[in-house]
Amino acid sequence: MLDEIFTYATPHTLADLLGQSVKLQGTARCRVRVSGNTVIATELPDNPGMSLTNAAASVAMQVCQYYEIPIQQLVWIEHYPEETGHEETFDLVRFGLTDGQLNVERWQRLSRHETEQLFVKPLK
């Protein structure tokens, strides 16, 4: 099992003064735990860029490429740790594949126990 901080590129669009859109590249970070084809991606409280939720398809694609996980076999779990006023959440994210690009189809809330069963290891 791998457990590390993953830096990912994020797309940003900025409207210039003439009303045209300019694509900018940003960077952000999340914690990834990888076990086989299952990834738990955790939003970091000090993430300097786009949130994991807003960049889910892009981050999942980058993680698959970096860790050589077949896209069709990916099990992606998005995790937000407990914070003041918010409880810990785990969501199984289902992706579709269109023209070689991932797109989010739906989120399914999971319990910690369900997440550990999918991940095949206790979470720390």
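When the residues of the stretch 30-46 are filtered to those that are small (Gly, Ala, Ser) and either in a strand (DSSP E or B) or under 24 Å from Glu83 (Cβ atoms) (or both), which remaining residue is modelled with the lowest pLDDT? Ranking the qualifying residues of the stretch 30-46, first place goes to Ser35.
For the stretch 60-81, name all the residues that are β-branched (Val, Ile, Thr), assigned to a helix (DSSP H, G or I) and at pLDDT 95 or above. Result: Val63, single match.
Summed over the stretch 82-93, residues that are part of a strand (DSSP E or B) and either exposed (fewer than 14 other Cβ atoms within 10 Å of the Cβ) or touching a Gly at 6+ places or on another chain (Cβ under 6 Å) (or both) total 2. For residues in the stretch 48-69 being closer than 18 Å to Pro81 by Cβ and surrounded by fewer than 17 Cβ atoms within 10 Å (Cβ to Cβ), which is nearest to the chain's Cα centre (by Cα)? Among residues in the stretch 48-69 that are closer than 18 Å to Pro81 by Cβ and surrounded by fewer than 17 Cβ atoms within 10 Å (Cβ to Cβ), the one nearest to the chain's Cα centre (by Cα) is Thr53.
From the list Glu105, Glu114, the lone residue that is acidic (Asp, Glu), at negative phi and surrounded by 14 or more Cβ atoms within 10 Å (Cβ to Cβ) is Glu114. Residues that are of a type in the set (S, T, N, Q) and assigned to a helix (DSSP H, G or I) within the stretch 101-119 comprise Thr115, Gln117, listed in sequence order. Taken together, the residues in the stretch 67-118 that are in contact (Cβ under 8 Å) with a residue 40 or more places away in the chain and either of a type in the set (D, E, K, R) or farther than 19 Å from Leu52 by Cα (or both) amount to 1. Being modelled with pLDDT of 90 or more and either in contact with a Pro (Cβ under 6 Å, 6 or more places away or on another chain) or of a type in the set (Lys, Arg) (or both) is not true of Glu105.
The values are calculated or read from the model by the stated rules, or taken from the named source; none is laboratory data. Quick caveat, the model's predicted, so the values are computed rather than measured. Neighbour counts are summed over all protein chains in view; Cβ atoms, including those assigned to glycine, are modelled from backbone coordinates with ideal geometry.
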